[in-house]
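Peer 1: One structure coming up, written as structure tokens, with questions to follow.
The values are calculated or read from the model by the stated rules, or taken from the named source; none is laboratory data. This is a predicted model, so every value here is computed, not measured. Quick reminder, even Gly has a Cβ in these numbers, built from the backbone with ideal geometry, and neighbours come from all protein chains shown.
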Amino acid sequence: MLYKKIMGDLKSRIDSDEFNIGDTLPTEQVLTGHYDVSRITVRKAIEELVKLGLVEKRQGSGSTVVGKTMSGSLSSLKSTFEHMVNTGINLEYRLVEFKLVDPDDEVATALAIETNDKVYFIRRFKMINGVPTMYEDSYMPVKLFPQMNIMSLEGSKYQYLEQELGFEIDGAEQDFEAIIPDAHVCKVLDIVPGTPLVRLLSIGKLGNGRIFEYTKTTFKPNTYSFRHYLKRH
């Protein structure tokens, strides 16, 4: 649809250096002329940017840029919090489930434990500028963290492990898969059922080689991207 193409172009311009957070987008009249479309089409495009948490419509002030698409690097491991430091973007963690469970074969294999070893199951949503953007399910071995502080999981998990518990995180093995989300994920991320999504599978390792987490993160479309620079030689 035409309005989605315009939304995509405006999103690219917002993510570039053309606009900074706090800047006001050109008026509907200017955008109508620039893209040679109707005002209704421009409004629909801006409404899509509002849904992504990139733009906020303020009465009397037009459409203000309030966020940019998050971009992660595939060459270094950083938490969401670290990616967003000094960006002006508001990040919230919503811890919605925390319990002890018996791992299934997939989780036990990923964590290199037995199926009778208890794990913490942690479900969190990450909100960027008030918009649910990431749906995260994590599994962590109880033996490694006998006294997990639930409240600390409402912030950066890596910060909690390194600064509060004193663990050294070495890195993570990561892979991507395409999924068709279930009804619950669709509701949380406010997407149309049947929409293909990207899910990141991450197996985190400590400096001593121990595996400390297996996390599945599902991303809301158009809110997060990964970039990697490949050298020829």
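Peer 1: Within the group Q163, Q159, which residue is part of a helix (DSSP H, G or I), loosely packed, with under 14 Cβ neighbours inside 10 Å and under 22 Å from the mean Cα position of the chain (by Cα)? Outline the logic, then answer.
Peer 2: Numbers: Q163 fails: under 22 Å from the mean Cα position of the chain (by Cα).
Going through Q163, Q159 in turn, the sole match is Q159.
Peer 1: Tell me which residues, restricted to the stretch 137-150, are outside any loop (DSSP other than H, G, I, E, B) and either at pLDDT below 85 or not aromatic (F, W, Y) (or both). Please lay out each step first, then the result.
Peer 2: As a first pass, look at the stretch 137-150 and keep what is outside any loop (DSSP other than H, G, I, E, B): 137-141, 150.
Scanning the stretch 137-150 gives D137, S138, M140, P141, I150.
Peer 1: From (1) touching a Lys or Arg at 6+ places or on another chain (Cβ under 8 Å); (2) surrounded by fewer than 13 Cβ atoms within 10 Å (Cβ to Cβ); (3) not hydrophobic (A, V, I, L, M, F, W, C), pick out the condition that doesn't hold for E136.
Peer 2: It fails just one condition, (2).
Peer 1: Does L153 meet the test of being modelled with pLDDT under 95, over 17 Å from the mean Cα position of the chain (by Cα) and of a type in the set (A, V, I, L, M, F, W, C)? Don't jump to the end; show me each part of the working.
Peer 2: On the way: modelled with pLDDT under 95: yes; over 17 Å from the mean Cα position of the chain (by Cα): no; of a type in the set (A, V, I, L, M, F, W, C): yes.
No: the conditions fail for L153.
Peer 1: Does any residue in the stretch 1-25 that is within 16 Å of K51 (Cβ to Cβ) come within less than 8 Å, Cβ to Cβ, of a residue that is part of a helix (DSSP H, G or I) and aromatic (F, W, Y) six or more places away or on a different chain, and which pairs are these?
Peer 2: Listed by first residue and then by second, the contacts come to I6/Y35.
Peer 1: Here is a follow-up. Give the number of residues within the stretch 1-46 that are assigned to a loop (DSSP other than H, G, I, E, B) and among the polar types (S, T, N, Q).
Peer 2: From the stretch 1-46, those assigned to a loop (DSSP other than H, G, I, E, B) are 1, 16-23, 25-27, 36-38; that's our starting set.
Narrowing the set further to residues that are among the polar types (S, T, N, Q) leaves 16, 20, 27, 38.
Summing the residues that are assigned to a loop (DSSP other than H, G, I, E, B) and among the polar types (S, T, N, Q) in the stretch 1-46 gives 4.
Peer 1: State whether the residues of the stretch 119-127 include one that is over 30 Å from V65 (Cα atoms), surrounded by fewer than 12 Cβ atoms within 10 Å (Cβ to Cβ) and either in contact (Cβ under 8 Å) with a residue 24 or more places away in the chain or of a type in the set (D, E) (or both).
Peer 2: Within the stretch 119-127, not a single residue is over 30 Å from V65 (Cα atoms), surrounded by fewer than 12 Cβ atoms within 10 Å (Cβ to Cβ) and either in contact (Cβ under 8 Å) with a residue 24 or more places away in the chain or of a type in the set (D, E) (or both).
Peer 1: Just to verify a result, which residue in the stretch 14-40, among those that are crowded, with 17+ Cβ neighbours inside 10 Å and among the hydroxyl-bearing types (S, T, Y), is nearest to K4 (Cα to Cα)?
Peer 2: Ranking the qualifying residues of the stretch 14-40, first place goes to Y35.
Peer 1: Among all residue pairs at least 6 apart or on different chains, which show Cβ distances below 6 Å where the first residue, located in the stretch 47-69, is basic (K, R) and modelled with pLDDT under 85 and the second is surrounded by fewer than 22 Cβ atoms within 10 Å (Cβ to Cβ) and not in a strand (DSSP E or B)?
Peer 2: Cβ pairs passing all conditions: K68/D15.
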